[in-house]
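Shown next, in structure tokens, is the structure this report addresses.
The values are calculated or read from the model by the stated rules, or taken from the named source; none is laboratory data. Just so it is clear, the structure is predicted and the values come from calculations on it, not from any experiment. Positions of Cβ are generated from backbone atoms using ideal geometry, with glycine treated the same way; all protein chains shown enter the neighbour counts.
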Amino acid sequence: MNRQQDVEIYVCGCPLERAIEWARSMVGSTSGPFSTDTTIAYHLEEGDGAIVIMPKVEDGPFTSVWFNTQCRPWATDVECAREAVAVLNCVVRCDPGDTVPRLSPYSDMWLELEGHDERVIHWEDDDA
């Protein structure tokens with residue numbers, strides 16, 4: 001499995017501060033937060049990159065957690081999502097990548113993880 005350039009997951013049902021604390025603990029020392037109206041960013045103190053958090057993506061219940069760095073413990077979105085669901089005990093969605101061979105890489109399908117369950121879904125605006 002190839003290492004992705006960056007990793008992004010979407011969490012739901014987890015307090016924002018807990019998601020931020022978990023994300024920061026995965027990359028070592030960070031500086032910040034650096035906030036805008038829609039995002040919260042933490043820059044890595046060692047290595048290049050940042051963690052960018054976007055609460056309430058498109059005014060919905062999901063928070064985007066984007067590891068815009070190679071300095072992270074996972075190669076793929078799915079590996080990150082599996083750890084996040086286990087640690088944060090919430091619903092996590094991500095791009096399934098090549099973990100679901102029957103899906104085209106250009107598909108609009110998502111992988112949803114909850115507890116020990118993983119399923120492929122079509123993420124529509126009214127889902128969640």
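For the structure I just gave you, tell me whether Val92 is under 23 Å from Gly13 (Cβ atoms), modelled with pLDDT of 95 or more, in contact with a helix residue (DSSP H, G or I) (Cβ under 6 Å, 6 or more places away or on another chain) and among the β-branched types (Val, Ile, Thr). Against the criterion (under 23 Å from Gly13 (Cβ atoms), modelled with pLDDT of 95 or more, in contact with a helix residue (DSSP H, G or I) (Cβ under 6 Å, 6 or more places away or on another chain) and among the β-branched types (Val, Ile, Thr)), Val92 qualifies.
The rows are residues; the columns are (1) small (Gly, Ala, Ser); (2) farther than 17 Å from Arg3 by Cα.
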residue	(1), (2)
Leu16	no, yes
Gly32	yes, yes
Glu46	no, yes
Gln70	no, no
Cys94	no, no
Leu111	no, yes
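Right, Phe62: touching a strand residue (DSSP E or B) at 6+ places or on another chain (Cβ under 8 Å) and within 16 Å of Val92 (Cβ to Cβ) or not? Yes, satisfied.
For Thr63, indicate whether it is of a type in the set (S, T, N, Q), modelled with pLDDT of 95 or more and over 12 Å from the mean Cα position of the chain (by Cα). No; evaluated as a whole, the condition is false for this residue.
Which of the residues that make up the stretch 10-61 are of a type in the set (Lys, Arg) and either at positive phi or in a loop (DSSP other than H, G, I, E, B) (or both)?
Keep residues of the stretch 10-61 that are of a type in the set (Lys, Arg), which gives 18, 24, 56.
Lys56 - this is the single residue of the stretch 10-61 that is of a type in the set (Lys, Arg) and either at positive phi or in a loop (DSSP other than H, G, I, E, B) (or both).
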